[in-house]
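Novice: Once you've had a glance at the structure underneath, I'll fire off some questions.
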Amino acid sequence: MSKPQFVYVIYIKAAPEKVWNGLLDPAMTRIYWMHENVSDWKPGSRWEHKRTDPQGTVDIVGEVVEFDPPKRLVLTWVPPAEHGQPEKTSRVMIGARPSEGSSSIISFGRDIRPRPIASICCSPPER
């Protein structure tokens with residue numbers, strides 16, 4: 001495996017299982033990202049980062065590479081228009097583990113393709 005292009009760590013005061021649920025449970029991801037992460041989470045399956053707007057617009061697609069809750073989730077991701085183009089596909093590993101009264105979420109990225117944030121994110125919903 002090549003060296004990660006980034007390593008990002010977040011500490012959350014919750015058990016790893018609860019943190020993991022917050023990453024995958026559509027009810028939780030709707031609250032924090034205004035998106036749902038949709039998949040059956042089996043290796044080889046498709047996953048989608050789908051807006052909660054009435055159209056259900058899909059902003060990111062990819063494949064579940066590894067799934068070992070709550071320790072490890074490896075995904076590929078790419079905007080839908082670039083799906084099937086390996087040279088434009090990024091890969092990320094996410095893991096949750098206990099850390100002194102909280103949990104740490106560790107994210108390692110490699111093969112990260114630079115792109116403007118507007119190409120992978122959407123505006124917050126109107127209130």
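Novice: Can you give the charge dipole size of the range 10-114 about its Cα centre, rounded to the nearest 20 debye, using +1 on the beta carbon of Lys and Arg and -1 on the beta carbon of Asp and Glu?
Specialist: 200 debye
Novice: How far apart, in nm, are the 7 Å Cα→Cβ label points at SER99 and TYR32?
Specialist: 1.3 nm
Novice: Using 0.36 nm times the number of residues separating TYR8 and ALA81, minus their current alpha carbon distance, what extension gain do you get?
Specialist: Residue separation times 0.36 nm, minus the Cα-Cα distance, leaves 23.6 nm.
Novice: Only counting other Cβ atoms within 10 Å, I'd like LYS18, LYS42 sorted with the fewest neighbours first.
Specialist: If I rank by nearby Cβ atoms, fewest first, I get LYS42, LYS18.
Novice: Would you kindly work out the equivalent ellipsoid of the range 10-114 from its C-alpha gyration tensor and give its semi-axes, the square roots of five times the eigenvalues, largest first in whole Å?
Specialist: In descending order the semi-axes read 23, 17, 12 Å.
Novice: Sort TYR32, TYR8 so the one with the fewest other Cβ atoms within 10 Å of its own Cβ comes first.
Specialist: TYR32, TYR8
Novice: Sort ILE12, ILE31 so the one with the fewest other Cβ atoms within 10 Å of its own Cβ comes first.
Specialist: Lowest to highest Cβ neighbour count: ILE31, ILE12.
Novice: Still on this structure, please answer the following. Do you know the relative contact order of the range 10-114, to the nearest whole percent, from alpha carbon pairs under 8 angstrom that are 6+ apart?
Specialist: 24 percent
Just so you know, all these numbers are worked out from the coordinates, no wet-lab data involved. Remember, it's a predicted structure, so these values are computed and weren't measured experimentally. Neighbour counts are summed over all protein chains in view; Cβ atoms, including those assigned to glycine, are modelled from backbone coordinates with ideal geometry.
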